[in-house]
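The values are calculated or read from the model by the stated rules, or taken from the named source; none is laboratory data. Predicted model, so just to flag it, every value in this text is computed and none were measured. Neighbour counts run over all protein chains shown; Cβ positions are idealised from the backbone, glycine included.
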Amino acid sequence: MKKSIFLSIAVLFLIGCSSPCYRGQINSAFIGFSAADIDTFILRQYKPNDNYLHLIDTSIIVNTGSIYYSTSNDTTTVFVNSSNLNDYLTAGYDWELYIPAKNKTVLFSNIVDEINSGYKGACLNPVKSFVQDGQFTVPGFSTNKTFPISGFVAYIHN
């Protein structure tokens, strides 16, 4: 009897310590863009699977102290450091990324991440795939050591 009570309490404790992981975010890797082209871009969050009809939120991403640009050869990866979760491309929504300097729009939908749970949310759901401009895509992975919040990247060509 004592063993079953102890086991029940232990199971409840372990379940209570497990919580959903943070959603993996997709960073933008701009290929062939100048720094001036991508110093500002706009993220629009939409209701998923709704043909981009119902806008939920808009974020203007501007090159300030909360943005980290990492350039290698012709590719600049942008890492956003924000407490606003709408500043990140994540699963659960459709997204539009607009680059005003180029009048270019990139559409993201069907973002699939692996749903995990871990100790007090100290884990990340990996992004498995997404659709970018109508093409099924498996994200690249950046091994940037300076800003390793999320290494999942979408490549955007000029």
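Within the stretch 14-39, the set of residues being surrounded by fewer than 19 Cβ atoms within 10 Å (Cβ to Cβ), at pLDDT below 95, closer than 26 Å to residue 102 by Cβ and of a type in the set (A, V, I, L, M, F, W, C) comprises 35, 36. Restricted to the stretch 93-158, the set of strands (runs of 3 or more DSSP E) holding at least 1 residues that are surrounded by 15 or more Cβ atoms within 10 Å (Cβ to Cβ) and modelled with pLDDT of 85 or more comprises 94-99, 104-113, 127-132, 135-137, 152-157.
Hey, can you tell me all the residues within the stretch 97-110 that are more than 16 Å from residue 80 (Cβ to Cβ) and in contact with a strand residue (DSSP E or B) (Cβ under 9 Å, 6 or more places away or on another chain)? Hits for the stretch 97-110 are 100, 101, 104, 105, 107, 109, 110.
Within the stretch 59-68, does at least one residue satisfy the condition of being within 24 Å of residue 40 (Cβ to Cβ), surrounded by 15 or more Cβ atoms within 10 Å (Cβ to Cβ) and at pLDDT 95 or above? No, the stretch 59-68 contains no residue that is within 24 Å of residue 40 (Cβ to Cβ), surrounded by 15 or more Cβ atoms within 10 Å (Cβ to Cβ) and at pLDDT 95 or above. Inside the stretch 69-92, residues that are surrounded by 15 or more Cβ atoms within 10 Å (Cβ to Cβ) and not aromatic (Phe, Trp, Tyr) make up a count of 11. Here is the figure for the stretch 45-58: residues that are surrounded by 16 or more Cβ atoms within 10 Å (Cβ to Cβ) and in contact with a helix residue (DSSP H, G or I) (Cβ under 7 Å, 6 or more places away or on another chain) total 1.
Flag not set for residue 42, criterion: surrounded by 14 or more Cβ atoms within 10 Å (Cβ to Cβ), assigned to a loop (DSSP other than H, G, I, E, B) and on the phi < 0 side of the Ramachandran plot.
Yes/no matrix, rows are residues, columns are (1) without any contact (Cβ under 8 Å) to a residue 40 or more places away in the chain; (2) among the polar types (S, T, N, Q):
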residue	(1), (2)
26	no, no
37	no, no
47	no, no
58	yes, yes
67	yes, no
88	no, no
100	no, no
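Scanning the stretch 45-91 for residues being part of a loop (DSSP other than H, G, I, E, B) and charged (D, E, K, R) gives a total of 3.
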